[in-house]
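Contents: one structure, followed by commentary.
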Amino acid sequence: MEMEGARVLVVGATGVIGGAIAEECAARGATVLPAGRDPDRLAERARSLGAEAAFAFDAYDLDTCAGLAARAAEVAGGLDAVVVAIGTVAFAPAADLGEEMVEHLFTVNALAPMAVLRGALPVVDEGGAVAAISGVLVDRPQPGMADYGAAKAALSAWLTAVRTEQRRRRVAVLDARLPHLETGFADRAAVGTPPAMPPPADLDTVVRGIVDALAEGAALVLPDGKGGVRAEARAR
Ligand SMILES: NC(=O)c1ccc[n+]([C@@H]2O[C@H](COP(=O)([O-])OP(=O)(O)OC[C@H]3O[C@@H](n4cnc5c(N)ncnc54)[C@H](OP(=O)(O)O)[C@@H]3O)[C@@H](O)[C@H]2O)c1
């Protein structure tokens with residue numbers, strides 16, 4: 001997919017990673033439409049992108065999530081890519097987490113991203129791409145984050161199956177299994193305080209890697225062990 005002139009919806013453009021992805025796509029010549037929860041940050045992002053429209057939503061409203069891509073396509077005259085960068089984490093042993101919090105983690109990290117992309121699949125043009133951010137813990141589940149990790153693993157498994165479904169339409173499905181980044185995400189946890197984290201990867205390098213992978217139609221973004229990421233064409 002050619003980024004110059006591409007029409008891209010970024011869901012979670014109010015966040016640090018989503019905002020940086022939106023700005024990187026725009027810097028490469030894409031027309032970017034942002035969606036987010038926080039109204040002030042959404043308005044600010046829309047201004048900075050020069051976006052024609054911006055879409056407010058909450059992860060708990062799954063019908064609105066599922067309708068975002070169609071609304072964006074109506075404004076942009078079609079869509080070439082949809083990126084979902086929403087998420088929330090909780091730090092606690094599984095035995096200490098209440099069911100309401102587990103439902104929260106699965107809604108924000110799995111059900112809402114899946115709803116957004118389910119709605120995007122019939123809307124994104126052939127040759128386009130959809131993407132979501134999971135995390136390295138899909139491959140290496142961590143104690144103290146069992147339910148967050150399980151929600152990300154659910155999203156990742158869904159992306160893997162949908163990738164095969166979409167092959168005939170040539171819509172790429174990207175799963176960005178990102179390493180730790182210093183975005184303040186862990187400090188905004190819904191519950192608990194973060195454990196000692198590994199040294200963070202470099203945000204700018206990672207964001208450029210994600211946008212490269214989106215443009216290439218890659219399947220996976222994985223840590224490269226050198227503070228950045230690498231793309232893989234095939235899922236595993
Ligand atoms: N930072 C890391 O180390 C790291 C590593 C691996 C994966 N990730 C993943 O990367 C993604 C982005 O994280 P980030 O580091 O950029 O953190 P962030 O700045 O806190 O971004 C979180 C995003 O999720 C949105 N969000 C949270 N709850 C929501 C809800 N109920 N409804 C709608 N939107 C909601 C936020 O929207 P508002 O701002 O509008 O409230 C924001 O756009 C997350 O999926 C996270 O799991 C992060």
Query raised in the report: How big is the stretch 27-81 by Rg and Dmax over its Cα atoms, in Å?
Result: 11.3, 32
Query raised in the report: DSSP beta bridges in the stretch 7-232, what fraction antiparallel, as a percent rounded to 5?
Result: 15
Report task. Note down the relative contact order for the stretch 7-232 as a percent, whole number, built from C-alpha pairs under 8 angstrom at least six residues apart. Result -> 19
Query - Largest to smallest principal axis extent of the C-alpha atoms in the stretch 1-97, angstrom - result: 49, 28, 26
Query raised in the report: Which of these, Met101, Met197, Met145, has the largest mean-square fluctuation under a Gaussian network model of the chain (Cα springs below 10 Å)?
Result: Met197
Query raised in the report: Could you work out Rg/(2.2 N^0.38 Å) for the stretch 141-236, with Rg from alpha carbons only?
Result: 1.17
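Assuming R0 = 22 Å, can you tell me the calculated FRET efficiency for the pair Glu2 and Asp224, based on Cβ-Cβ distance, to the nearest 0.05?
Values: r = 25 Å, r/R0 = 1.13.
Approximately 0.30, to the nearest 0.05.
Which percent of the accessible area of the chain is formed by carbon and sulfur heavy atoms (probe 1.4 angstrom)?
Values: 5360 of 10620 Å².
On the chain, the fraction of accessible area on carbon and sulfur atoms equals 50 percent.
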Report task. Using only Cα atoms, locate the centre of the stretch 109-146 and the centre of the stretch 65-99, then give the distance between them in Å, rounded to an integer. Result -> 8
Report summary line: Placing each pseudo-label 7 Å from Cα in the direction of the beta carbon, Glu216 and Glu100 end up separated by a distance in nanometres of 4.5
Query raised in the report: Taking a probe of 1.4 angstrom, what is the accessible area of Phe106 in Å², to the nearest 10?
Result: 60
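Loop only per DSSP, at most 14 neighbouring Cβ atoms within 10 Å: give me the GluC sites (Glu not before Pro) in the stretch 1-79, ordered by residue number.
Working: sites: Glu2, Glu4, Glu23, Glu24, Glu44, Glu52, Glu74; in loops: Glu2, Glu4, Glu52.
Answer by residue number: Glu2, Glu4, Glu52.
Count neighbours as other Cβ atoms within 10 Å of each site's Cβ, and list the trypsin sites (Lys or Arg not before Pro) in the stretch 183-226 that are DSSP loop with at most 13 such neighbours.
Details: sites: Arg188, Arg208, Lys226; in loops: Lys226.
Passing both the DSSP loop test and the Cβ count: Lys226.
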**Report entry** Compactness of the stretch 7-232 - radius of gyration and Dmax, Cα, Å
**Finding:** 16.2, 48
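Which value, in Å², gives the accessible area per residue of the chain when a 1.4 Å probe is used on the protein heavy atoms?
On the way: 10620 Å² over 236 residues.
Result: 45 Å² of accessible area for each residue.
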Report summary line: Expected unfolding gain across Arg41-Asp63 under the 0.36 nm per residue rule, minus the alpha-carbon gap, is 5.7 nm
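Which FRET efficiency value, to the nearest 0.05, do you get for Asp204 and Ala53 by plugging their Cβ-Cβ distance into 1/(1 + (r/R0)^6) with R0 = 25 Å? If you can, show how the numbers build up before the last one.
Working: r = 27 Å, r/R0 = 1.09.
Efficiency, from the Cβ-Cβ distance: 0.40.
The values are calculated or read from the model by the stated rules, or taken from the named source; none is laboratory data. Computed from a predicted structure; not experimentally measured. Please note: Cβ atoms are built from the backbone with ideal geometry, for glycine as well, and neighbour counts cover all protein chains shown. In case anyone asks, the SASA skips ligands and DNA or RNA and just uses the protein heavy atoms, side chains included. Shrake-Rupley method; radii C 1.70, N 1.55, O 1.52, S 1.80 Å.
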